[in-house]
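Colleague: Before anything else, here's the structure in question.
The values are calculated or read from the model by the stated rules, or taken from the named source; none is laboratory data. Note that the structure is a prediction, hence the values are computed from the model and not measured. Here Cβ is always computed from backbone atoms with ideal geometry, including for glycine, and neighbour counts include all displayed protein chains.
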Amino acid sequence: MHQEPDASRRERMAVLSRCDAASLHRLWGRMGMGAVHKPLRGPESGLVMLRGRIGGTGEPFNIGEATVTRASVQLEDGSVGHAVALGRDKGRASLAAVIDAFCRDAATAARIDAEMIAPLRRELDEADEKRREQTAATRVDFFTMVRGED
């Protein structure tokens, strides 16, 4: 087994944590990979505290809480995978953990990245662009007009 670089895994898990559950299950089904695994932890839902900074540089402060679901699984070959996803979808978190475990093998990771992660990333990018366009359409520019001289 080959452990892949952290950057690739971080990128993959970022996509899996944000993607649409239906798309994730659809693409996984197309891959035809078996998912015999045993749960090591969870899936279980809980809360995390969100922190922010004014202007990105100020003192950190608590913004609020978000619901997350985490899962850890072990495949038959001993590979272990972990996942954390926003929301309460235990199936999505479990599947993301299974995918993480499969990606411990570099060849399998490359296939998953090409056949699953790339399409999911495109969907997320398209959704982000649509949201930006909708937000821009409601943008109001304020300006001050001077009337005469006082």
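Colleague: Identify all residues within region 33-61 that are at pLDDT below 85 and small (Gly, Ala, Ser); write none if there are none.
Modeller: 34, 35, 42, 55, 56, 58
Colleague: As an exercise: evaluate residue 61 against (1) in a strand (DSSP E or B); (2) closer than 25 Å to residue 7 by Cα; (3) of a type in the set (Phe, Trp, Tyr) and give the number of the one condition it does not meet.
Modeller: Of (1) in a strand (DSSP E or B); (2) closer than 25 Å to residue 7 by Cα; (3) of a type in the set (Phe, Trp, Tyr), only one is false for residue 61: (2).
Colleague: Right, here's the next one. Among the residues of region 97-145 satisfying the criterion of being touching a His at 6+ places or on another chain (Cβ under 9 Å) and either in a loop (DSSP other than H, G, I, E, B) or modelled with pLDDT of 90 or more (or both), which is nearest to residue 72 (Cα to Cα)?
Modeller: Of all residues in region 97-145, those touching a His at 6+ places or on another chain (Cβ under 9 Å) come to 97-98, 100-101, 104-107, 109.
Those still in the list that are either in a loop (DSSP other than H, G, I, E, B) or modelled with pLDDT of 90 or more (or both) too: 97-98, 100-101, 104-105.
On the way: 97: 6, 98: 8, 100: 9, 101: 9, 104: 14, 105: 17 Å.
Residue satisfying both the conditions and the ranking: 97.
Colleague: Related question: Please verify whether residue 21 is closer than 16 Å to residue 80 by Cα, among the hydrophobic types (A, V, I, L, M, F, W, C) and either surrounded by 14 or more Cβ atoms within 10 Å (Cβ to Cβ) or at pLDDT below 85 (or both), treating the condition exactly as stated. Write out each step before concluding.
Modeller: Details: closer than 16 Å to residue 80 by Cα: no; among the hydrophobic types (A, V, I, L, M, F, W, C): yes; either surrounded by 14 or more Cβ atoms within 10 Å (Cβ to Cβ) or at pLDDT below 85 (or both): yes.
It is false that residue 21 is closer than 16 Å to residue 80 by Cα, among the hydrophobic types (A, V, I, L, M, F, W, C) and either surrounded by 14 or more Cβ atoms within 10 Å (Cβ to Cβ) or at pLDDT below 85 (or both).
Colleague: Residue 51 - would you say it is of a type in the set (Lys, Arg) and in a strand (DSSP E or B)? Walk me through how you get there before you give the answer.
Modeller: Values: of a type in the set (Lys, Arg): yes; in a strand (DSSP E or B): yes.
Taking the combined requirement at face value, the residue satisfies it.
Colleague: Can I ask one more? Across region 65-86, which residue is nearest to residue 16 (Cα to Cα) among those that are among the hydroxyl-bearing types (Ser, Thr, Tyr) and either at pLDDT below 90 or loosely packed, with under 14 Cβ neighbours inside 10 Å (or both)? If you could, list the steps in order and put the result at the bottom.
Modeller: Let us first name the residues in region 65-86 that are among the hydroxyl-bearing types (Ser, Thr, Tyr), namely 67, 69, 72, 79.
If we keep only those that are either at pLDDT below 90 or loosely packed, with under 14 Cβ neighbours inside 10 Å (or both) as well, we get 67, 79.
Working: 67: 16, 79: 18 Å.
Here the answer is 67.
Colleague: Let me ask you something else. Has region 15-38 got any residue that is part of a strand (DSSP E or B) and either in contact (Cβ under 8 Å) with a residue 12 or more places away in the chain or within 17 Å of residue 124 (Cβ to Cβ) (or both)?
Modeller: Keep residues of region 15-38 that are part of a strand (DSSP E or B), which gives 37-38.
Going one step further and asking which of them are either in contact (Cβ under 8 Å) with a residue 12 or more places away in the chain or within 17 Å of residue 124 (Cβ to Cβ) (or both), we end up with 37-38.
Yes, region 15-38 contains at least one residue that is part of a strand (DSSP E or B) and either in contact (Cβ under 8 Å) with a residue 12 or more places away in the chain or within 17 Å of residue 124 (Cβ to Cβ) (or both).
Colleague: Would you please list the contacts, defined by Cβ atoms under 7 Å and residues six or more apart or on different chains, that run from a residue in region 40-64 that is more than 24 Å from residue 91 (Cβ to Cβ) and surrounded by fewer than 10 Cβ atoms within 10 Å (Cβ to Cβ) to a residue that is modelled with pLDDT of 90 or more and among the acidic types (Asp, Glu)?
Modeller: Note: pairs meeting the criteria are 49/65.
Colleague: Shifting gears a bit: Take residue 45 and decide whether it is farther than 27 Å from residue 126 by Cβ and under 16 Å from the mean Cα position of the chain (by Cα).
Modeller: Values: farther than 27 Å from residue 126 by Cβ: yes; under 16 Å from the mean Cα position of the chain (by Cα): yes.
The answer is yes for residue 45.
Colleague: Return yes when residue 88 is closer than 13 Å to residue 42 by Cα and part of a loop (DSSP other than H, G, I, E, B) and no when it is not. Can you show your working first?
Modeller: Values: closer than 13 Å to residue 42 by Cα: yes; part of a loop (DSSP other than H, G, I, E, B): yes.
Taking the combined requirement at face value, the residue satisfies it.
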